[in-house]
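These notes are about the structure you will find just below.
The values are calculated or read from the model by the stated rules, or taken from the named source; none is laboratory data. All of these numbers come straight from a predicted model, not from anything done at the bench. All Cβ positions, even for glycine, are placed from backbone atoms using ideal geometry, and neighbour counts span all protein chains on display.
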Amino acid sequence: MILLITAQLLLLLVAPALAGMNKTGTLCTVTPSGGKDDSPSIMDAFKQCGQNGQIEITEGDFTIAKVMDVLNLQNCDISIKGKLTWNDDIQYWLKNSIGVTYAQRSTAWRLGGTNFSMRGHGKALFFGNGQKWYDQNRGNSNQAGRPISLTLWKATNVFIDGITWRQPQFWHTFVAHSQNITMTNLDMNATSNSQWSTVNTDGTDTWNSKDIFIQNWVVTCGDDCISIKGNSSNIHVKNVTCYESGAMCIGSLGNPASTPDYVDNVLFEDITAIHSSNAAWIKTYPGQGHVKNVTFRNINFKDVNQPIYISPCIYSYQNCDSSKLKISDITWENITGTSRYNVGAGIHCSAAAPCTGLKFKNIDVKPKNGGTAKFLCSNINSDSGLQCTGTCPGGWKQQLSGDA
């Protein structure tokens, strides 16, 4: 009888709490259920092995039909080798995606905690059913409830590697209130197959975060490839190729105007931008705060609308000279490639806070259709090293539709 009871207890210990999830010691293994939703099994794995444990999501097809919110990870290694598909129940996601504060954005999956990793081994695929979102959104931008694919939230000491995204719902990733984040070898692609554009499918955005290292990314997206937003510092982005995007961007910052935004110590280097809107640029609203000590180095591009750009009044293009958000100590070095039109740089700094410490070294921009590139500058330091060919009007648009 004692042996029978012991055997039954052992079975209980190794039996899965939910179909599709097995726990052995500190390892939780999730396998596809073949059902309509695998998120309960994945969440159960996080619950049982998310602290001082390991989680393995095996090869196979997994369906995600509910939000996943895990904010207490600690000393946890996550291995993903399968395909995770977020279902296309748009009304569910609009009502239930998790708010992340910034600009009323929300997310389908939020991870937080300390000392954790997520490795995709070059096999993990996150599929967002984005085409459904692109079509129903009909070219509009920031639909409330449209979820970011993956958000790091109040996360510290995190390593993410070897994951592929296809057709994300919105931004691919978002890093907020986090520190010491490394994200390497990521492949992201948002491409619409219909008349409606992907709109605002950024590769990643950082906000209120510091000490971030990004390396070896390939991104095709409908907006900024890498965007550094307010109160971000100590960011290093290296070896990233961006298609159809805004490439390397500081901003947007300064909205609302009553809340100062700060960006310090950012290095973008070894970047390729193909058929993109911009290459190395800074965009702010007429706000408060500063952007300081940013370097764009070894930026190569082909067919880019306006490679170098600064605006203190993005989107509204009003009150451009009233912004007090100071931009200083910015370096562009080894910036080479072809512009779509005849403008290599459009730089308008606010008259209320002129740019200082701008430095340009080895700038070689050639219009793809021939001729000489124009470099338009207003309210910048005279010793920048850029041979400005004219002034840049206030409200100079990010997207040009032809030669200046």
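Based on what the data block shows, is Val67 closer than 21 Å to Leu152 by Cβ and in contact with a helix residue (DSSP H, G or I) (Cβ under 6 Å, 6 or more places away or on another chain)? Yes: the conditions hold for Val67. Would you mind finding the one in Tyr243, Tyr315, Tyr309 that is hydroxyl-bearing (Ser, Thr, Tyr) and under 19 Å from Cys355 (Cα atoms)? Result of the check over Tyr243, Tyr315, Tyr309: Tyr309.
Mind counting the residues in the stretch 129-175 that are of a type in the set (S, T, N, Q) and in contact with a His (Cβ under 7 Å, 6 or more places away or on another chain)? Of the residues in that region, 1 qualify.
Consider Asn334 carefully, then state whether it is of a type in the set (S, T, N, Q), touching a Gly at 6+ places or on another chain (Cβ under 7 Å), farther than 19 Å from Ser252 by Cα and surrounded by fewer than 22 Cβ atoms within 10 Å (Cβ to Cβ). So Asn334 fails the test. Being at pLDDT 95 or above, within 20 Å of Asp264 (Cβ to Cβ) and out of contact with any Lys or Arg (no Cβ under 9 Å at 6 or more places or on another chain): is that true of Lys397 here? Spelling it out, it is not the case that Lys397 is at pLDDT 95 or above, within 20 Å of Asp264 (Cβ to Cβ) and out of contact with any Lys or Arg (no Cβ under 9 Å at 6 or more places or on another chain). Candidates are the residues of the stretch 121-151 that are crowded, with 22+ Cβ neighbours inside 10 Å and assigned to a loop (DSSP other than H, G, I, E, B); the one that is nearest to the chain's Cα centre (by Cα) is Ser149.
Quick check on Ser141: is it closer than 24 Å to Trp207 by Cβ, in contact with a Pro (Cβ under 9 Å, 6 or more places away or on another chain) and of a type in the set (S, T, N, Q)? No, not satisfied. Among the residues here, Arg138 does not qualify as at pLDDT 95 or above and basic (Lys, Arg). Quick check on Gly82: is it surrounded by fewer than 17 Cβ atoms within 10 Å (Cβ to Cβ), touching a Ser or Thr at 6+ places or on another chain (Cβ under 7 Å) and touching a residue at least 24 places away in the same chain (Cβ under 8 Å)? Considered against the rule, which asks whether it is surrounded by fewer than 17 Cβ atoms within 10 Å (Cβ to Cβ), touching a Ser or Thr at 6+ places or on another chain (Cβ under 7 Å) and touching a residue at least 24 places away in the same chain (Cβ under 8 Å), Gly82 comes out as no. Within the stretch 362-398, the set of residues being in contact with a Leu (Cβ under 8 Å, 6 or more places away or on another chain), surrounded by 16 or more Cβ atoms within 10 Å (Cβ to Cβ) and of a type in the set (Gly, Ala, Ser) comprises just one member, Ser384.
Sub-9 Å Cβ pairs linking a first residue in the stretch 40-63 that is among the small types (Gly, Ala, Ser) to a second residue that is part of a helix (DSSP H, G or I), at least 6 apart or interchain, are Gly53/Ala45, ordered by first then second residue. When Thr184 is tested against (1) surrounded by 24 or more Cβ atoms within 10 Å (Cβ to Cβ); (2) polar (S, T, N, Q); (3) more than 19 Å from Arg105 (Cα to Cα), just one condition goes unmet, and that condition is (1).
Got at least one residue in the stretch 96-110 being assigned to a strand (DSSP E or B), over 22 Å from the mean Cα position of the chain (by Cα) and over 19 Å from Asp187 (Cα atoms)? No, every residue in the stretch 96-110 fails to be assigned to a strand (DSSP E or B), over 22 Å from the mean Cα position of the chain (by Cα) and over 19 Å from Asp187 (Cα atoms).
Applying the condition of being on the phi < 0 side of the Ramachandran plot and within 17 Å of the chain's Cα centre (by Cα) to the stretch 250-261 and asking which residue is surrounded by the most Cβ atoms within 10 Å (Cβ to Cβ) yields Leu253. At least 1 residues being without any contact (Cβ under 8 Å) to a residue 40 or more places away in the chain, on the phi > 0 side of the Ramachandran plot and polar (S, T, N, Q) is the threshold, and among the strands (runs of 3 or more DSSP E) wholly inside the stretch 330-403 those reaching it are 359-367. Comparison of Lys47, Lys36 shows that the only residue that is at pLDDT below 95, surrounded by fewer than 19 Cβ atoms within 10 Å (Cβ to Cβ) and outside any strand (DSSP E or B) is Lys36. Scan the stretch 344-360 for residues that are aliphatic (A, V, I, L, M) and within 15 Å of Ala280 (Cα to Cα) and report the count. Looking only at that region, the number is 3. For Gly346, the conditions (1) touching a Phe, Trp or Tyr at 6+ places or on another chain (Cβ under 8 Å); (2) surrounded by fewer than 21 Cβ atoms within 10 Å (Cβ to Cβ); (3) under 25 Å from Ser322 (Cα atoms) are fulfilled apart from (2). Within the stretch 238-256, the set of residues being assigned to a loop (DSSP other than H, G, I, E, B) and under 17 Å from Phe296 (Cβ atoms) comprises Ser245, Gly246, Ala247. Of the residues Gln179, Gln167, Gln215, Gln195, the single one that is free of Cβ contacts under 8 Å to residues at least 60 places away in the same chain, farther than 22 Å from Tyr315 by Cα, out of contact with any strand residue (DSSP E or B) (no Cβ under 9 Å at 6 or more places or on another chain) and surrounded by fewer than 24 Cβ atoms within 10 Å (Cβ to Cβ) is Gln195.
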